[in-house]
Amino acid sequence: MKKTYKKKDFPVEDIRKYLEPGPTVLVSSRWKDETNIMTMGWHTVMEFSPSMIGCFITGANYSFEMIRKSKECVINIPTDDLIDTIIGIGNCSGAEVDKFRQFDLTAEKAEKVKAPLIKECYANFECKVIDEHLLPKYNFFILEVVKAHVATSPKFPRTVHYRGEATFMISGKNVSYPGRFKPQNL
Ligand SMILES: Cc1cc2nc3c(=O)[nH]c(=O)nc-3n(C[C@H](O)[C@H](O)[C@H](O)COP(=O)(O)O)c2cc1C
């Protein structure tokens, strides 16, 4: 028999913790001579080809104006060895702190954007802001990934997923179902 659940009312402003969309990422940016990094939990794939990502960045974040003005950023995928860094970066502002220096991270030159890659991350996706229509009303950036750098191993990195309430889930067990997927869903 399938399982059912007893439920209670829940504050709608807190439901995001049940919708964590994927790995927590570090978003690096550059505007003029300044670089910055923010932690981001809420992003979504919007299209496969061209490769598009949508993300919400509150206007209170220093990164917001840096990315809006430069129209570029890099989405970096950290692994569980960087949890302290992920928390630290998400709890201070580039307005006060040079985060590359403070968190001892290495900025590498990207190929197609001026924003730096974070060398210590498993993957780096160079992104351009391709649509600003949803920015004024929703602070929602639509990005196109124009270049991707991914580590050759491991195949399944131990990414970090934010569950709210100061709790992360670390990706672990994989379950595979070969032959059960349509090719376009692989
Ligand atoms: C786990 C985690 C996830 C976060 N996700 C987001 C997010 O999706 N969007 C956002 O605007 N801020 C998010 N934040 C908050 C920013 O990372 C935080 O405000 C940061 O200090 C902004 O840095 P900045 O002012 O230098 O841009 C998150 C923070 C943490 C710790």
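Summary of values
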| quantity | calculated |
| --- | --- |
| Restricting segment 18-31 to residues that are out of contact with any Lys or Arg (no Cβ under 7 Å at 6 or more places or on another chain) and at pLDDT below 95, the residue that is least open to solvent (accessible area, probe 1.4 Å) | G22 |
| Single match in I75, I83, I53, I89 (criterion: in contact (Cβ under 8 Å) with a residue 24 or more places away in the chain, open to solvent by less than 90 Å² (accessible area, probe 1.4 Å) and near the ligand (Cβ under 9 Å from one of its atoms)) | I89 |
| Leading residue by the ranking (surrounded by the fewest Cβ atoms within 10 Å (Cβ to Cβ)) among those in segment 32-47 that are assigned to a loop (DSSP other than H, G, I, E, B) and near the ligand (Cβ under 10 Å from one of its atoms) | W42 |
| Residues of segment 148-180 that turn out to be without any contact (Cβ under 8 Å) to a residue 40 or more places away in the chain, assigned to a loop (DSSP other than H, G, I, E, B) and surrounded by 10 or more Cβ atoms within 10 Å (Cβ to Cβ), as a count | 2 |
| Qualifying residue in segment 85-108 (condition: in contact with a strand residue (DSSP E or B) (Cβ under 9 Å, 6 or more places away or on another chain), farther than 21 Å from F48 by Cβ, of a type in the set (K, R) and part of a loop (DSSP other than H, G, I, E, B)) | no |
| Subset of segment 93-112 (residues that are open to solvent by less than 100 Å² (accessible area, probe 1.4 Å), within 13 Å of the ligand (Cβ to nearest atom) and of a type in the set (D, E, K, R)) | D98, K99 |
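The values are calculated or read from the model by the stated rules, or taken from the named source; none is laboratory data. In this text, all values refer to a predicted model and were calculated from it rather than measured experimentally. We place every Cβ from the backbone using ideal geometry, glycine too, and count neighbours over all the protein chains shown. The protein model used for the area step is the full one, side chains on, heavy atoms only, and it has no ligands, DNA or RNA in it. Shrake-Rupley method; radii C 1.70, N 1.55, O 1.52, S 1.80 Å.
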